[in-house]
Amino acid sequence: MLKVTLGLALVTLVACSQCPNNEVCEAGQTCCQDPTGEFSCCPFHHGECCEDHLHCCPEDMLCSVMDSMCINATHTLLFVERTPAKRTDLPKSFRMIPSLPASEDDITCPDGSFCPAEFSCLLMASSYGCCPVAQGLVCSDGKHCCAKDHECSADSNSCVKLKEPAEAVLCGNGTSECPVDTTCCGTEDGQWACCPIPKAVCCDDKIHCCPEDSVCDVEGSKCMSSTNQELPMWAKFPARLRAEWEDHKFVESRAKAELTTTRQITTAGKQMTTLPGALPKTSDVPCNDTAACPDESTCCKTKEGGWDCCPLPEAVCCDDFIHCCPHGTTCNVAAGSCDEPSGSQPWFEKLPVKLIRSQNVAVTKDVPCDDTVACPDGSTCCKTQEGGWACCPLPEAVCCDDFIHCCPHGKTCNTAAGKCEDSSGSQPWFEKLPVKLIRSQNVAVTQVHSDVPCNDTAACPDGSTCCKTKEGGWDCCPLPEAVCCDDFIHCCPHGTTCNVAAGSCDEPSGSQPWFEKLPVKLIRSQNVAVTKDVPCDDTVACPDGSTCCKTQEGGWACCPLPEAVCCDDFIHCCPHGKTCNTAAGKCEDSSGSQPWFEKLPVKLIRSQNVAVTQDVPCNDTAACPDGSTCCKTKEGGWDCCPLPEAVCCDDFIHCCPHGTTCNVAAGSCDEPSGSQPWFEKLPVKLIRSQNVAVTKDVPCDDTVACPDGSTCCKTQEGGWACCPLPEAVCCDDFIHCCPHGKTCNTAAGKCEDSSGSQPWFEKLPVKLIRSQNVAVTQDVPCNDTAACPDGSTCCKTKEGGWDCCPLPEAVCCDDFIHCCPHGTTCNVAAGSCDEPSGSQPWFEKLPVKLIRSQNVAVTKDVPCDDTVACPDGSTCCKTKEGGWACCPLPEAVCCDDFIHCCPHGKKCNTAAGKCEDSSGSQPWFEKLPVKLIRSQNVAVTQDVTCDSTKSCPDGSTCCKNKEGGWGCCPLPEAVCCKDHIHCCPHGTTCDFVTLTCTSNTTSVPMTDINQPSTKEEQKQHREVKDKVGKYNSRVPCDLQTSCPDYTTCCLIAKTNKWGCCPLPNAVCCTDGEHCCPANYKCDVTRVSCIRGDVVIPWYNKMSAQSTPAPSLDLGAVECDEQMSCSADSTCCHLSTGEWGCCPLPEAVCCPDQEHCCPKGYRCDLRRRSCIKTSWLHVEKVPLAHIDDQKPQSSVTENDIQCGGGHNCKDSETCCPTSKTTWGCCPSPKAVCCDDMKHCCPAGYKCGAGGTCTSAVGFDWNNWDNWRVFFSKNNRAITL
């Protein structure tokens, strides 16, 4: 027991390191002292304290501050940053007590509660409490407090004594300082120096300084006091540069101060909050919310609209915006003096303002509600029912919906109970008080609201004028009610005229120079309920804090609630988050119901006497500045001509003034009186969302529209009518409609859902779309999914899709790429557009754009029955088999041949293959396949249709093959390579040099295009697959016979039975005995398979097997006691834990348990390749696929039958040595040379001189065995 006690005692002794100033470091750390006497902690025992006072190193190592390293004879380490030491002698913070009912000597808190006289009222988390010191500050936990000369620790448990401010003046660059009672002044070289007097004036020569309230006379080398006394100039001495560690400590202490809670100093219920540091002088003269001048000085406007300080009380600000004069005198700008009846005196130069630092002290300024009324400090502006203002006697209060009461911040108004509630309970609510008029400040207007607003985001200083810029923005003319000049840069005084040629402002009495405009300033958010009206449209608005709601007539009314819900009766409204119960006349939510509100009339928007700020809309998404014109671009988009009602030139780039003509050849704008240069167009700007119910009509088509907030519905005649509800359901009677989410009950004439029913609505007539005097902005639809820009023409592509010709009513050329203007003829040979008067170059078509969903009915398919449908705008027609096909015309006539159709109103002439009516005839249309009606949330595995007879499996892509037909790429949205043989994944490029698909990030082998299936073949294949597919994924030939997976069923001519070609998707040769790889042709004369320059021997078929699969062959490669693979293959484990067969002898099984590589190669799964590195050479081949069927024996004979009784080993290739004899090439799937003596490995072709050269167009995916004889230096192999 004694030993244990001693051990514990030792632990206690070394638990921490005591520094000399009562601060402590953790156990095993070292105290490091700064020049200031403070300590920090080095995390090493007996550590080395570095001279930068910020870092340290381990024992027995030296600091290398230049290299930021710790070094000794054998090691080098990064040095470590020290951490602040902890104080152990901090006093505990005080626990606050709740405020009490009143007694005689108590002090009153702002919320009406009381504290003892020797305490202070402090705002806790949600109410006021009492701190047991006269002047306290509340900690961040809202439960503790500290005395005013302390600050709370981060955990609120301790009070930290504030340090005395440093006895130095920090200069503007943050790194230089001057002694106390001196002034920092800049020097000629951009450094800082110290003037040896406080609050000094720094002279313009950057060398001298003058006392406070004096002016530097640099030429006379003297200082002039405010009483015109001459004083000597003072010379400055250099400022001290602070050490880096001092700045580090300064930043660190400031960050630490920001982490602690804001200090709140409170006396007798008057609460003030302040940031750490000295309190600002309350005698400063505020100019606005951000700038102030010293006590006994005057705020004066600058030329730019900001503020400067005149060092005189109640001074006169001179018109040059630089000088000022004493109260009662007059500025003489010409003489530079201040005049009065008794004489003149020099004028004064103004000084810069100082920024008002954020005080977080309950500023004693009133809270402005708008420009005319305000509430006392510490209260909140709330709207009255009449739209005026009242004052809630609480800061950041919640204004109740009755417009009379209010609740503390964070609570909720319970209007029914008349209380303020939160999770902790409830309390009585407060009644609001009247506002007071804002008193004039007698300072050159200091209110922010005195700015001249140009629009919602920009304003000019008081006493200036908003003028438009060339780009459609705003600049500020520094004159009131000024004239804005036509050059968009200058302005003139009120009553004068701009003379742009002379650059002057003219009037009858003479001329004066014009003024240059200044930039606008952004309107800053005031965090006070915005006093601007809520605009409903361009002409009417609702008061601030209300909501625009549509009336039954399509106009506007005002709901007296912010973000309110507009009820379906078009008369009433409910608060945000509630639901209108039209039957009960109430507003409901989960907490209960309340009466609804009646809407009020809107008011007209008053003219602002500022150039109208409304943009010119080009379409729904783009607009041009006010006073400009929308012009089409070559691509069908929009640009802005900076002139009103301008003429858009035919080059799609320039424009001319109204009434002139574009001369494209001369690049000018012509009129009878002469010419002028043309103007270049500017970009449009996006129309920003206003978050106000959109005031534009809902277009049904190009000619008619419905009012905003309604829905377009089809009539029985095929026209349009308007349902007076947004996103409504159009009923099947073509007359009525129901609200969104309800169902039409046509029999009962009601709209129903799970909650009940209501009467349905009758539709209203549409209205014609009014011309906007802007080229119609609606796109030209090609079909339901693609459209071309306005003023262009839809043209078919070679693949049957759409492109856009950038001309209206254009002629689409037969090359499917170009187009010509209306009335001309395409000359494909010459590449021109011809007409009797001459030719012009043709135009290239542009891509279409997807039609975005408009939330208008029209996008629904036309159902043929419960399972299939045709696209919108087409017609269902019966097929010969009794199914359905789609005629690509609305309300079309289905022809009797069951294949074609004609437009509505025409007749099918089956003999002539035309559609005829009294006006003539036109070619008929071929019908398209229907599409399956997709099940609700079940993915339909629909085939990809290539044309009316061919399709590819779901998830593949139709690609044209070499013969001009269709093939299937087994990848979705694939890239079809130009050789018409291969394809690549979406987003990659076909590389014919390496036969790979490349992108920025990867490279993979090309994929073969497979033959497509006919509809009947697919149907039969699915039927067979359904019946025999359970047998180890074998390839079914018919209902009784199947072949192994990755082989192909071919009929054997001699026996008329099925045989198996040992290749996937193979070509069955016409001799009924052999087969070739996919995309090869059988050459019966050469007994070979040919594709381009590649010639390989063809393959013998083996007999197919009855289903299920036959028994195992005992001579195969054994995987375990039960499983085996065929000869010349390798057993590899699959990811399922079962065995699979790699079609290579002694192969390497890849770790993904799906692929394998030849012996001597390694798997590179990232590149999907097998790699073998030899000296200065890297061989790369594709991965082979492991057969995932259960291993089984091969057919009875593994040898390859060459013909005529000759055969070769399975690992060899049959090559003819004469017309009647055969030889065996010792390489599988090799190329037989024409000399009938040699052969080359797969992937090579026979070259001159008995060599093998790399074959172009070789298909890596069809080479399964990779024993390439590089050791023979690519020499041909002798048969």
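The single condition among (1) more than 46 Å from the chain's Cα centre (by Cα); (2) modelled with pLDDT under 85 that Glu304 does not meet is (1). Strands (runs of 3 or more DSSP E) fully within region 122-177 that include at least 1 residues being not aliphatic (A, V, I, L, M): 128-131, 136-138, 144-147, 150-152, 159-161. Which members of region 459-482 meet the condition of being surrounded by 20 or more Cβ atoms within 10 Å (Cβ to Cβ) and either of a type in the set (A, V, I, L, M) or part of a loop (DSSP other than H, G, I, E, B) (or both)? Matches in region 459-482: Ala459, Pro461, Ser464, Gly472, Pro478, Ala482. All conditions but one from (1) of a type outside the set (Lys, Arg); (2) at pLDDT below 80; (3) open to solvent by 40 Å² or more (accessible area, probe 1.4 Å) apply to Val361; the one that does not is (3). Among the conditions (1) assigned to a loop (DSSP other than H, G, I, E, B); (2) among the charged types (D, E, K, R); (3) modelled with pLDDT of 85 or more, Arg770 misses just one, which is (3). Ala374 falls short of the stated requirement of being modelled with pLDDT of 85 or more and farther than 30 Å from Asn228 by Cα. Within region 835-851, residues that are at pLDDT 75 or above have Cβ atoms under 6 Å from residues that are in a loop (DSSP other than H, G, I, E, B) and hydroxyl-bearing (Ser, Thr, Tyr) in these pairs: Glu835/Thr824, counting only partners at least 6 apart in sequence or on another chain.
Screening the candidates Ala235, Ala278, Ala257 for the property of being modelled with pLDDT of 85 or more, under 24 Å from Cys171 (Cα atoms) and of a type outside the set (Ser, Thr, Tyr) yields one hit, Ala235. Please tell me if Val367 is surrounded by 13 or more Cβ atoms within 10 Å (Cβ to Cβ), more than 30 Å from Asp213 (Cβ to Cβ), at pLDDT 85 or above and among the aliphatic types (A, V, I, L, M). So Val367 fails the test. Hey, could you check region 710-719 for residues that are buried (at least 21 other Cβ atoms within 10 Å of the Cβ) and not β-branched (Val, Ile, Thr) and say which is farthest from Cys549 (Cα to Cα)? Out of the qualifying residues, it is Cys713.
Can you confirm whether region 420-432 contains a residue that is open to solvent by less than 60 Å² (accessible area, probe 1.4 Å), modelled with pLDDT under 85 and not in a strand (DSSP E or B)? Scanning region 420-432 turns up at least one residue that is open to solvent by less than 60 Å² (accessible area, probe 1.4 Å), modelled with pLDDT under 85 and not in a strand (DSSP E or B).
In the condition set (1) surrounded by 14 or more Cβ atoms within 10 Å (Cβ to Cβ); (2) assigned to a loop (DSSP other than H, G, I, E, B); (3) modelled with pLDDT of 80 or more; (4) not aromatic (Phe, Trp, Tyr), Ala292 is compliant with all but (2).
I need the full set of residues from region 860-874 which are polar (S, T, N, Q) and either under 10 Å from Val930 (Cα atoms) or surrounded by fewer than 18 Cβ atoms within 10 Å (Cβ to Cβ) (or both), in order please. Of everything in region 860-874, just one residue is polar (S, T, N, Q) and either under 10 Å from Val930 (Cα atoms) or surrounded by fewer than 18 Cβ atoms within 10 Å (Cβ to Cβ) (or both), namely Thr867. Among the residues that make up region 511-521, is at least one of them modelled with pLDDT of 80 or more and in a loop (DSSP other than H, G, I, E, B)? Among the residues of region 511-521, not one is modelled with pLDDT of 80 or more and in a loop (DSSP other than H, G, I, E, B), which makes the answer no. With a requirement of 1 or more residues that are among the acidic types (Asp, Glu) and modelled with pLDDT of 80 or more, the strands (runs of 3 or more DSSP E) lying completely within region 1120-1224 that satisfy it span 1162-1164.
Restricting region 896-944 to residues that are among the hydroxyl-bearing types (Ser, Thr, Tyr) and under 35 Å from the mean Cα position of the chain (by Cα) leaves a set whose member that is modelled with the highest pLDDT is Thr941. Lys960 meets all of the listed conditions (1) under 36 Å from the mean Cα position of the chain (by Cα); (2) modelled with pLDDT of 85 or more; (3) open to solvent by 40 Å² or more (accessible area, probe 1.4 Å) but one, namely (1). If the condition is being surrounded by fewer than 16 Cβ atoms within 10 Å (Cβ to Cβ) and part of a strand (DSSP E or B), then region 815-843 contributes Thr825, Asn827, Asp834, Glu835, Gly838, Ser839, Gln840, Pro841.
A single member of Pro543, Pro575, Pro560, Pro601 is touching a Leu at 6+ places or on another chain (Cβ under 9 Å) and farther than 24 Å from Ala417 by Cβ, and it is Pro543. For first residues located in region 132-154 and at negative phi, partners that are outside any loop (DSSP other than H, G, I, E, B) and acidic (Asp, Glu) and lie 6+ apart or on another chain with Cβ distances below 8 Å form the pairs Leu137/Glu151.
Can you tell me which of Ser832, Ser792 is in contact (Cβ under 8 Å) with a residue 24 or more places away in the chain and among the small types (Gly, Ala, Ser)? Result of the check over Ser832, Ser792: Ser792. Could you list, in sequence order, all residues of region 685-700 that are open to solvent by less than 50 Å² (accessible area, probe 1.4 Å) and at pLDDT 70 or above? Answer for region 685-700, where residues must be open to solvent by less than 50 Å² (accessible area, probe 1.4 Å) and at pLDDT 70 or above: Val698, Cys700.
Inside region 60-119, residues that are modelled with pLDDT of 75 or more and outside any strand (DSSP E or B) make up a count of 23.
The values are calculated or read from the model by the stated rules, or taken from the named source; none is laboratory data. Just so it is clear, the model here is predicted, and its values are computed rather than measured. Cβ atoms come from the backbone with ideal geometry, glycine included; neighbour counts cover every protein chain shown. All accessible areas refer to the heavy atoms of the entire protein, side chains included, with ligands and DNA or RNA removed. Shrake-Rupley method; radii C 1.70, N 1.55, O 1.52, S 1.80 Å.
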